[in-house]
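To start, the structure itself, in structure tokens.
The values are calculated or read from the model by the stated rules, or taken from the named source; none is laboratory data. Since we're looking at a predicted model, the values are computed, not measured. Here the Cβ positions follow ideal geometry from the backbone for every residue, glycine too, while neighbour counts run over all protein chains shown.
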Amino acid sequence: MDQPDQPAANPVRVLAEAVYLAASWTWCIGMFLPVYLVRDFGWTGWLAFAIPNCLGAAACGWVLHRTGAPIVWATRHARAIRVFSFVTLAFQWFFLVWVMFYYRFSKPGLVIIGALVLFLGAGAWAGEQARRTRVLGAAIFAASLACAAWWFARGDYVPLDQLPAPALSGGHFAIAFSCALGFFLCPLLDATFVASAVRLPTRGSSAAFAIGFLAFFPLMIVFTLLYAPRVLAGMQPGSSPHPGDAGLAVGVHMALQLAFTIFLHERSTRDSHGGLGLGAIVTGIVLFVAAAQLNRIIPDRPSLPAMDNREFIYRCFMTFYALVAPAYVWIVALPFRSRGPDPTRGMLIVFALAVLAAAPCFWIAFIERNTVWAIPGVAIVLAARPISRFFSRPGPHGLSGGSVPTPSDPPLLALSGRAAPDHREA
């Protein structure tokens, strides 16, 4: 139901929010996971990633408004949203250092450093103002489109029908199954999505998410699909990473999008937990240094593509988005009702046990790369929800299994101009 104190959304505002959303969701997942999927499964692996990604994010605005106010969701699940932002920050920093190391002190690397410095000045200009942040998002999105056009003009394009044979046989359905769980549920914990839903009434929010993820965001991941073969070629031993101006276009695109994601999620941890942002920076950099210095963690297997330590850590980060975050939303948070109970200790215990039970399946599927094991892993998560519902029933004295206290400062609500309500009276 629309909030009566929210201004009506006009088409220009909805369009601006749609572009901002598309830029805010272009992470090191959308810019690089398809590279591994194309290597392992061919272009159909990209489809298994892209379709649930776009549809799940597009539905997020409608879901947040469908059964209650998004501001109540943000208040009730503020801790989970902060954890999501912390992991996302660490992941982006890990990948940003990876990109910088990849280009080293080449001409592309120096230009990327200049782009990052320019972005820092733009971020300082945007500050805490939502309108300026949307302008910055639109500028980042336009810059990525310009990089894509530059890449097409100067790059050595590889047609999709000339891609090398997939490294793995089968597994597409299992990957799609796992992507559906992750991408339909993870967006509900993204602080930038929640803040956008708070800023707009129901129809405006639904339209902005639909336009952003069915029209604008697909352009970003199609760009990833097209440059994936060249990235893979640059990853081969003895090869030159992204030679020439074509590689520079990809590097600038990645650097700007990473900087924008870092900028947004750092603000979501800033309110009363300033140390979280610094902790995420340290975590990401330490993990990269460990990946560079340690011996190979996963030994090579003749029947599989080689996995270096950076890919191993990248895949471990992905497990959070494929398993931990969606399991929380499915087992603890949904179905969301503005008058429903808070998360309870019993529900959180069921969530933790489900994650522990499913984790070996995800390890076999994504580290050992026997991808069919993703199906029982997802099934364990889905089966845990009926059990968690038992712990959501009101117990003695009006408690539902021991209510978990909720922070009063959910992330990014200040950016949307809203104050946190007492959600028990919503």
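Restricting the first member to the stretch 378-390 and to residues that are closer than 20 Å to ALA176 by Cα, and the second to residues that are of a type in the set (Ser, Thr, Tyr), the beta-carbon pairs closer than 7 Å and six or more apart or on different chains are VAL378/SER178.
Selection of the stretch 292-314 for residues being in contact (Cβ under 8 Å) with a residue 60 or more places away in the chain and either touching a strand residue (DSSP E or B) at 6+ places or on another chain (Cβ under 7 Å) or in a helix (DSSP H, G or I) (or both) yields ALA292, ARG310, GLU311, ILE313, TYR314.
Evaluation of PRO335 against the conditions (1) under 19 Å from ARG79 (Cα atoms); (2) in contact (Cβ under 8 Å) with a residue 60 or more places away in the chain; (3) part of a helix (DSSP H, G or I); (4) more than 18 Å from the chain's Cα centre (by Cα) shows that the sole unmet condition is (3).
So, ILE297, is that one modelled with pLDDT of 80 or more and not small (Gly, Ala, Ser) or not? It is false that ILE297 is modelled with pLDDT of 80 or more and not small (Gly, Ala, Ser).
Of all residues in the stretch 196-218, at least one satisfies being assigned to a helix (DSSP H, G or I), modelled with pLDDT under 90 and within 18 Å of the chain's Cα centre (by Cα).
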